[in-house]
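The values are calculated or read from the model by the stated rules, or taken from the named source; none is laboratory data. Bear in mind the structure is a predicted one, so any value in this text is a computation, not a measurement. FYI the Cβ positions are ideal-geometry reconstructions off the backbone, even for glycines, and counts take in every protein chain you see.
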Amino acid sequence: MRRFMEMLYSGDYAGDRSLGHYASGLYVTPHYLSEVCRKVSGRPATYWIDHFTIQHIIRMLGRKDLSLSEIADSLNFSSLSYFSRYFQKMTGMSPSRYRNDPSSSK
């Protein structure tokens, strides 16, 4: 779990958010990595990958000089629409709404 978290803190999620990427880097199976995370933290590995990704996106949305396309590209999303759907699924609001909503906790 510690090595997995180190990968996340180093920003690996910016290039690849797949469970297989992390498992491969740790020389374990995706199932094993997820089970270890679940036992240690009560959450599966995918939760932590998404958590770090969303926190990074939120920080980037605070930078008004970056377009949504630039943010999506910097995190290796295949398209702006996929980026927007991902963010909407995780937070309940679109990236542009989050950026412009004064009640969003930034």
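Tabulated data for the structure shown
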quantity: Top-ranked residue in region 59-89 [being touching a residue at least 40 places away in the same chain (Cβ under 8 Å) and not aliphatic (A, V, I, L, M); ranked as farthest from Asp12 (Cα to Cα)]; calculated: Gly62
quantity: Residue within region 90-102 that is under 17 Å from the mean Cα position of the chain (by Cα) and within 17 Å of Tyr13 (Cα to Cα) present; calculated: yes
quantity: Yes/no for Ser96 being touching a residue at least 12 places away in the same chain (Cβ under 8 Å) and buried (at least 17 other Cβ atoms within 10 Å of the Cβ); calculated: no
quantity: Residue in region 46-57 that is polar (S, T, N, Q), modelled with pLDDT of 95 or more and over 18 Å from Gly11 (Cβ atoms) present; calculated: no
